[in-house]
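Written below as structure tokens is the structure these notes are about.
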Amino acid sequence: MRVGALGVLIFGACSAGGFEDPRASLDESDCRHPVSVLQRDQLDIACFLLSVPEVRDDPESKLAELPVTVFSPTRDSDAPPILYLEGGPGGSSIFFAIEAQPTKVNAMERPLIAFEQRGASLATPALECTSGMGCGPQFAAGGIRTDGYNVLESARDVCTAIDQLGLGLVALHGVSYGTAVAQEALRICPERIYAAWLDGVIEMDRPWSADLGLALQASLDRIFLVCSTQAECNAAYPDLAGKWTRLLDTAPKERDGEHIAGPDLVHLMFGGLYDPRFVPFVPLVIHLISEGRTAEIEDIDWFGRFPRQMISGFAVGMHQAVSCNDDAQYLDLDEFARRHADIHPVIREYFLSLLTAEKEECSHYRLRAPEPKVAVTTDVPVLVTGGSYDPITPVAGAERVAQRFSHGTFVKFADGGHGLLHDECATSLWKTFLEHPHQPLVTTCAGRRTVEFVIEP
């Protein structure tokens, strides 16, 4: 495996700027990410392990190991590399590494860095367990300090990695939870960040879960509206919003034969809409359920038309630890209920039940002492994107975040969902933004409607 100039730079790396991490170190290592034959033959690949304290404020804290994989283009480039931050929390950079194929790396004309966050599946320790519930005592027995798994420590890891790699500047690309880590890095080491892309944005001055039900309802409302404006969809599925409301009104609390329970209806839509490829099937799914044809839903292959290599890489324990540290302990359930007073009670109770259970589970985790949540401001050029169908991080929140940046560019994707990593328009805008971060973007492609709802034969 060839190691390019970046691999040489590491030996002269030293800490610079406003953030220093004296206990950290970086060493060359075998690649923990799978590497394809094409990647091996056509890219320069350098793999490292970044060692950082699990809890930096504790001088006795043990070290965590975070894999860092750098994919460099065949043509030498002085452009700042892109460091990718996965979402979740709990997601692994494994998917980004798999998709860092030669054509993509060469098209970006700069190195791509797959950065494994603390607690993720390729890190040591990996906070993995059968489920998030009941894992707190398990981690404590294993000597894992779960209070060290939070946004601030992860952002410090990013700043440390930039220094240890000997890089002058990087461009950050954060998706979902990764946008929180990116924003925190913009707060603590802005001098090391050339530009950033925040995609599916978390607002840093409020609990992440504050609007979950409202976001889901807004996503569904848009689907209902767009379907009603398309003659074929409206003819096949008239009064879609009414059908959805009636389903919630009449659904049993628990599944009864072919009748789907109310919580299961909400779970199906919320879980499905995590992936924008589910959007074209929503009218058909609601139609089938309303006709009592629920068995047919299992035969729908809504992701089969979009083949993608899938490898398990989600660390449930990391998800729980970070969510407890940075979200659940800040969330007021009474305030959540008040904010959701005007949405359907089945949706409201579904999320209240989930969040109540999570807060109970968090009582078994060792947590970082809560500090006031404060929005991030920065002079670094930041591209902020949001999808109109996003049921988790509402596009309105992305716009609010962008307005706080002196050089923020907000782009709303009319048919986008939660995460635009594979959207050709979005990646094209990102490349242009990196080349000219202070110039206006031509964003026409983001406003195009491309969703074609699936019509039952």
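Is it the case that ARG206 is assigned to a helix (DSSP H, G or I) and surrounded by fewer than 20 Cβ atoms within 10 Å (Cβ to Cβ)? First the steps, then the outcome.
Details: assigned to a helix (DSSP H, G or I): no; surrounded by fewer than 20 Cβ atoms within 10 Å (Cβ to Cβ): yes.
No; evaluated as a whole, the condition is false for this residue.
Being in a helix (DSSP H, G or I) and free of Cβ contacts under 8 Å to residues at least 40 places away in the same chain is true for just one of ALA321, ALA337. Which residue is that? Spell out the reasoning first.
Numbers: ALA321 fails: free of Cβ contacts under 8 Å to residues at least 40 places away in the same chain.
After ruling out the rest, the residue left standing is ALA337.
For ALA369, state whether it is of a type in the set (Gly, Ala, Ser) and within 19 Å of GLY213 (Cβ to Cβ). Steps first, please.
Details: of a type in the set (Gly, Ala, Ser): yes; within 19 Å of GLY213 (Cβ to Cβ): no.
When the stated conditions are applied, ALA369 does not pass them.
Provide a single number: the residues in the stretch 209-258 that are among the acidic types (Asp, Glu) and either crowded, with 16+ Cβ neighbours inside 10 Å or in a loop (DSSP other than H, G, I, E, B) (or both).
If we filter the stretch 209-258 for residues that are among the acidic types (Asp, Glu), which is where we start, we get 211, 221, 232, 239, 249, 254, 256, 258.
If we keep only those that are either crowded, with 16+ Cβ neighbours inside 10 Å or in a loop (DSSP other than H, G, I, E, B) (or both) as well, we get 211, 239, 254, 258.
Counting residues in the stretch 209-258 that are among the acidic types (Asp, Glu) and either crowded, with 16+ Cβ neighbours inside 10 Å or in a loop (DSSP other than H, G, I, E, B) (or both) gives 4.
Would you say LEU186 is under 20 Å from the mean Cα position of the chain (by Cα), surrounded by fewer than 20 Cβ atoms within 10 Å (Cβ to Cβ) and farther than 17 Å from PRO67 by Cα? Let's see the steps before the verdict.
On the way: under 20 Å from the mean Cα position of the chain (by Cα): yes; surrounded by fewer than 20 Cβ atoms within 10 Å (Cβ to Cβ): no; farther than 17 Å from PRO67 by Cα: yes.
Here the answer is no, as LEU186 does not meet what is asked.
Among the residues of the stretch 427-453, which ones are in contact with a Leu (Cβ under 9 Å, 6 or more places away or on another chain), under 30 Å from ILE286 (Cα atoms) and crowded, with 17+ Cβ neighbours inside 10 Å?
Correct list: ALA446, PHE453.
Provide a single number: the residues in the stretch 20-32 that are touching a Phe, Trp or Tyr at 6+ places or on another chain (Cβ under 9 Å) and assigned to a loop (DSSP other than H, G, I, E, B).
Applying the first criterion (touching a Phe, Trp or Tyr at 6+ places or on another chain (Cβ under 9 Å)) to the stretch 20-32 yields 26-29.
After this cut, where a residue has to be assigned to a loop (DSSP other than H, G, I, E, B) as well, the list is 29.
Result for the stretch 20-32: 1.
When residues of the stretch 2-47 are filtered for being at pLDDT below 90, surrounded by 14 or more Cβ atoms within 10 Å (Cβ to Cβ) and in contact with a strand residue (DSSP E or B) (Cβ under 9 Å, 6 or more places away or on another chain), how many remain?
Residues flagged as at pLDDT below 90, surrounded by 14 or more Cβ atoms within 10 Å (Cβ to Cβ) and in contact with a strand residue (DSSP E or B) (Cβ under 9 Å, 6 or more places away or on another chain) within the stretch 2-47 amount to 7.
Sort out for me the helices (runs of 4 or more DSSP H) sitting completely within the stretch 342-456 that have 3 or more residues that are of a type in the set (Ser, Thr, Tyr) and at pLDDT 95 or above.
Numbers: elements: 345-362, 395-403, 424-435.
Those helices (runs of 4 or more DSSP H) span 345-362, 424-435.
Table: residues versus (1) under 18 Å from PHE270 (Cα atoms); (2) surrounded by fewer than 17 Cβ atoms within 10 Å (Cβ to Cβ); (3) within 22 Å of the chain's Cα centre (by Cα).
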{"residue": "ASP327", "(1), (2), (3)": "no, no, yes"}
{"residue": "ARG338", "(1), (2), (3)": "no, yes, no"}
{"residue": "GLU358", "(1), (2), (3)": "yes, no, yes"}
{"residue": "TYR365", "(1), (2), (3)": "no, no, no"}
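Among (1) charged (D, E, K, R); (2) modelled with pLDDT of 95 or more; (3) closer than 26 Å to GLY174 by Cβ, which single condition is ARG308 missing?
ARG308 satisfies every listed condition except (2).
What pairs can you find where one residue is in the stretch 231-251 and more than 14 Å from ILE289 (Cα to Cα) and modelled with pLDDT of 95 or more, the other is assigned to a loop (DSSP other than H, G, I, E, B) and among the β-branched types (Val, Ile, Thr), and their Cβ atoms are less than 7 Å apart, with a gap of 6+ or different chains?
GLU232/ILE455; CYS233/ILE455; ALA236/ILE455
Out of curiosity, is SER406 small (Gly, Ala, Ser) and closer than 28 Å to PRO207 by Cα? Steps first, answer last, please.
Values: small (Gly, Ala, Ser): yes; closer than 28 Å to PRO207 by Cα: yes.
In short, yes.
The values are calculated or read from the model by the stated rules, or taken from the named source; none is laboratory data. Every value quoted in this text rests on a predicted model; they were computed, and no experiment measured them. Here the Cβ is made from the backbone with ideal geometry for all residues, glycine too, and neighbour counts use every protein chain on show.
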